[in-house]
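*Asks:* Take this structure, written in structure tokens, and hold onto it; I'll ask about it next.
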Amino acid sequence: MFKKVMEYAGEYRAKTWQAMVVMLAGVAVSVLPYLFVFQIIAPLLSGGSLTVAAGSFRVAAIALCMVLYALLYVKGLDLSHESAYHTLMNLRISLQGKLEKQPLGAIQEKGVGSLKKMFIDDIESIELLLAHALPEGVANIAVPVFVFIAMFFVDWKLALLSLCSLPLGFVAMMFMYRAGTSKMDAYYGAARKMNNTIVEYINGMEVVKVFNRDGESYQRFETDVKNYRDFTLDWYKVCWPWMALYNSILPCVSLFVLPVGSYLVLRGYSTLPDLVLVLCMSFAVGAPLLRSLSFLSTLPQINYKIESLETMMNTPPLQQSEEPFAGAGYDISFENVRFTYKEEEVLHGISLKVPEGSLTALVGESGSGKSTLAKLLVHYYDVDSGAVRIGGQDIREMSLEALNDQISYVSQEQFLFNMSLFENIRLGRLDASDEEVMEAAEKAQCMEFLGRLEKGIHTMAGDGGRQLSGGERQRISLARAILKDAPIIILDEATAFMDPENEEKMNEAIAEVIRGKTVIVIAHRLLSIINADQICVLSKGRVADAGTHEQLLERCPAYQSLWKAAGESAAWKVSAREKGAGEESEVWK
């Protein structure tokens, strides 16, 4: 475990070793006062006397030792913490680098709470190992070992008595570790679940309030928090008795030395000065011994967290090369693509061709694989088998940066950073001029709502873009895509959050944006894609059929069923419109 972590220490590894040496000297100095105390008592035991000068010298020596111990220990902690926090920094940077190379979809599956716990809580806990458990533990265990060896030179019988309490303490510690380790997986599982639930509860609070789902949402929140509490208490209830036992027995080295040693002195097997010396030495090792062993209870937890970090870091990276895009055009082909999500195959040998400059719509029931197919194209995941090609080039044979330059992906949920809307749009192309940013915002129909904001396009988006409505966020995202001007565009329900009044304007903007591009549209409203060059009907992870709207109406039962459902929905909307609702939006031309 130590070796794994120290690989990230780099040049600061030497400071950890220096901290161990300095702390070892400090603990050794802390033992000396007990020897000076014995030197004060020893003459009195033999009927002699102690001069004031000799007594004053030893008292001064004791005070000096205590001062040296404090200085050395503080210096050791300073060195160990300097090394520890640089190591934690390297760990976080390394983890971030590993995450960047992993499939984005796999990262999203882990959840914000789980990643936050790993980046902050789990890595922070390793500080205990580097700054305390290692330097302090080694120093505090080494000195008692030397003292126990010295006891055998004084009187081997009394030395053996001083060791008698150790096996009892270790047995209690062993039971505590065994009980605690058996419940560790459940405890950390409950912690991860609680973190994810808390993040989801806070992020979704607005929806919860609007739809009066306080009871259901809070019940889940309360259940996960209580589960974590119960797992924690269950863990500690098992460990506490053994913890109390070994904390009481281990430092009490004189437990057998004082009564049995006194008997040996009375019987003449040992001398009184030797007994007093061994007792003084026993008192000297109690505190360091307990201090060193107290870190042992944290090692299984730290090891568990390090293994979790290793699992994350050893996750296979996304398959990609450093090569640039070298495709012959911008046609897209899915060739016998298979993909497994959470141990269940969700795409079963899909083959589909999207000609360059065409508009292809993916339709199908929820869970049919539409969004998954789009995410494979932008390389959120690696396919299990088959290939995804752009212009004949496998997307795994180019860098992710090169692929991203070719594609603009506008999904239902778009994240806005907490900076100005102007800068959020400019993320589409960082070298764009101010005029180009404004032109993109205008084409995306943003000017209407920007005019209502006090600072216009320079208004801060808020955390996650919460200052804007869902439809407004989508228009900002569309402006990004316009500014990027990639040859391939993916629209995943791009008008999902649009109100009827603004949807027509958005559709006109989208029609302008996609002109001359290779476009894949994921749509639930079939009326918006009836003019698509190609409509691909997905059903249970397979291509049911592909063709134009008219062709599919003639020959594809799955599309006929979807169209019938769309007609029933339109009829409902006509009824709603008669009661004052908005009108259906225009299709993309």
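*Asks:* Failed condition for Tyr304, given (1) farther than 24 Å from Ser125 by Cβ; (2) surrounded by fewer than 20 Cβ atoms within 10 Å (Cβ to Cβ), with all others met?
*Replies:* (1)
*Asks:* Let me ask something additional. Among the residues of segment 162-185, is any modelled with pLDDT of 80 or more, in contact with a helix residue (DSSP H, G or I) (Cβ under 7 Å, 6 or more places away or on another chain), crowded, with 20+ Cβ neighbours inside 10 Å and not in a helix (DSSP H, G or I)?
*Replies:* Checked segment 162-185: no residue is modelled with pLDDT of 80 or more, in contact with a helix residue (DSSP H, G or I) (Cβ under 7 Å, 6 or more places away or on another chain), crowded, with 20+ Cβ neighbours inside 10 Å and not in a helix (DSSP H, G or I).
*Asks:* What single numbered condition from (1) in contact with a strand residue (DSSP E or B) (Cβ under 8 Å, 6 or more places away or on another chain); (2) assigned to a helix (DSSP H, G or I) fails to hold for Ser262?
*Replies:* For Ser262, the exception is condition (1).
For every residue, the table says whether it meets (1) buried (at least 22 other Cβ atoms within 10 Å of the Cβ); (2) more than 24 Å from Ala532 (Cα to Cα); (3) of a type in the set (Lys, Arg).
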position	(1), (2), (3)
Thr340	no, yes, no
Glu343	no, yes, no
Ile350	yes, no, no
Gly357	no, no, no
Ser366	no, no, no
Ser385	no, yes, no
Gly392	no, no, no
Leu400	no, yes, no
Leu416	yes, yes, no
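*Asks:* Would you be able to say whether some residue in segment 47-65 is within 38 Å of the chain's Cα centre (by Cα) and outside any helix (DSSP H, G or I)?
*Replies:* Pass one, segment 47-65, residues within 38 Å of the chain's Cα centre (by Cα): none.
Scanning segment 47-65, I find no residue that is within 38 Å of the chain's Cα centre (by Cα) and outside any helix (DSSP H, G or I), so the answer is no.
*Asks:* I need the full set of residues from segment 443-477 which are out of contact with any helix residue (DSSP H, G or I) (no Cβ under 7 Å at 6 or more places or on another chain), surrounded by 14 or more Cβ atoms within 10 Å (Cβ to Cβ) and under 13 Å from Phe422 (Cβ atoms), in order please.
*Replies:* Of everything in segment 443-477, those that are out of contact with any helix residue (DSSP H, G or I) (no Cβ under 7 Å at 6 or more places or on another chain), surrounded by 14 or more Cβ atoms within 10 Å (Cβ to Cβ) and under 13 Å from Phe422 (Cβ atoms) turn out to be Leu453, Met460.
*Asks:* Follow-up question, since we're still on this one. Six or more apart or on different chains, Cβ atoms under 8 Å: show the pairs whose first residue is in segment 325-349 and touching a residue at least 60 places away in the same chain (Cβ under 8 Å) and on the phi > 0 side of the Ramachandran plot and whose second is assigned to a loop (DSSP other than H, G, I, E, B) and not acidic (Asp, Glu).
*Replies:* What qualifies is Gly329/Gly391; Gly329/Gly392.
*Asks:* Can you name every residue in segment 410-435 that is of a type outside the set (A, V, I, L, M, F, W, C), within 25 Å of the chain's Cα centre (by Cα) and closer than 25 Å to Pro103 by Cβ? I'd like the intermediate steps shown before the answer.
*Replies:* Going residue by residue through segment 410-435, those that are of a type outside the set (A, V, I, L, M, F, W, C) are 411-414, 418, 420, 423-424, 426, 428-429, 431, 433-435.
Among the residues that remain, those that are also within 25 Å of the chain's Cα centre (by Cα) are: 411-414, 418.
Matches in segment 410-435: Ser411, Gln412, Glu413, Gln414.
One line per residue, one yes/no per condition, for (1) charged (D, E, K, R); (2) assigned to a loop (DSSP other than H, G, I, E, B):
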residue	(1), (2)
Phe422	no, no
Gly428	no, yes
Glu436	yes, no
Glu439	yes, no
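*Asks:* Check Ala479 against each of (1) out of contact with any strand residue (DSSP E or B) (no Cβ under 8 Å at 6 or more places or on another chain); (2) outside any helix (DSSP H, G or I) and name the one condition it does not meet.
*Replies:* Here Ala479 meets the rest and fails (2).
*Asks:* OK, next. Can you tell me how many residues within segment 418-440 are crowded, with 22+ Cβ neighbours inside 10 Å and closer than 16 Å to Gly470 by Cα?
*Replies:* Final tally of qualifying residues: 3.
*Asks:* Go through segment 7-17 and give me each residue that's at pLDDT 85 or above and surrounded by fewer than 18 Cβ atoms within 10 Å (Cβ to Cβ).
*Replies:* Once the filter is applied, which keeps residues that are at pLDDT 85 or above and surrounded by fewer than 18 Cβ atoms within 10 Å (Cβ to Cβ), segment 7-17 yields Ala14, Trp17.
*Asks:* Next question. Go through segment 85-134 and give me each residue that's within 20 Å of Gln319 (Cβ to Cβ), of a type in the set (A, V, I, L, M) and surrounded by fewer than 19 Cβ atoms within 10 Å (Cβ to Cβ).
*Replies:* Answer for segment 85-134, where residues must be within 20 Å of Gln319 (Cβ to Cβ), of a type in the set (A, V, I, L, M) and surrounded by fewer than 19 Cβ atoms within 10 Å (Cβ to Cβ): Leu104, Ala106, Ile107.
*Asks:* Would you mind stating whether Glu472 is in a loop (DSSP other than H, G, I, E, B) and among the acidic types (Asp, Glu)?
*Replies:* no
*Asks:* Name the pairs: first residue in segment 511-526 and within 9 Å of Ala361 (Cβ to Cβ) and among the β-branched types (Val, Ile, Thr), second residue at pLDDT below 75 and outside any helix (DSSP H, G or I), Cβ to Cβ under 7 Å, at least 6 apart or on different chains?
*Replies:* Pairs that qualify, where the first residue is within 9 Å of Ala361 (Cβ to Cβ) and among the β-branched types (Val, Ile, Thr) and the partner is at pLDDT below 75 and outside any helix (DSSP H, G or I), are Ile522/Glu493.
*Asks:* Related question: Residue under question is Leu427, and the condition is that it be under 13 Å from Ser408 (Cβ atoms) and in the same structural domain as Glu401 (by TED's automatic domain parsing); does it hold?
*Replies:* Working: under 13 Å from Ser408 (Cβ atoms): yes; in the same structural domain as Glu401 (by TED's automatic domain parsing): yes.
So Leu427 fits the description; yes.
The values are calculated or read from the model by the stated rules, or taken from the named source; none is laboratory data. As the structure is a prediction and not an experimental result, all values here were calculated from the model. For neighbour counting, all protein chains shown are included, and Cβ atoms are generated from backbone atoms with ideal geometry for every residue, glycine included.
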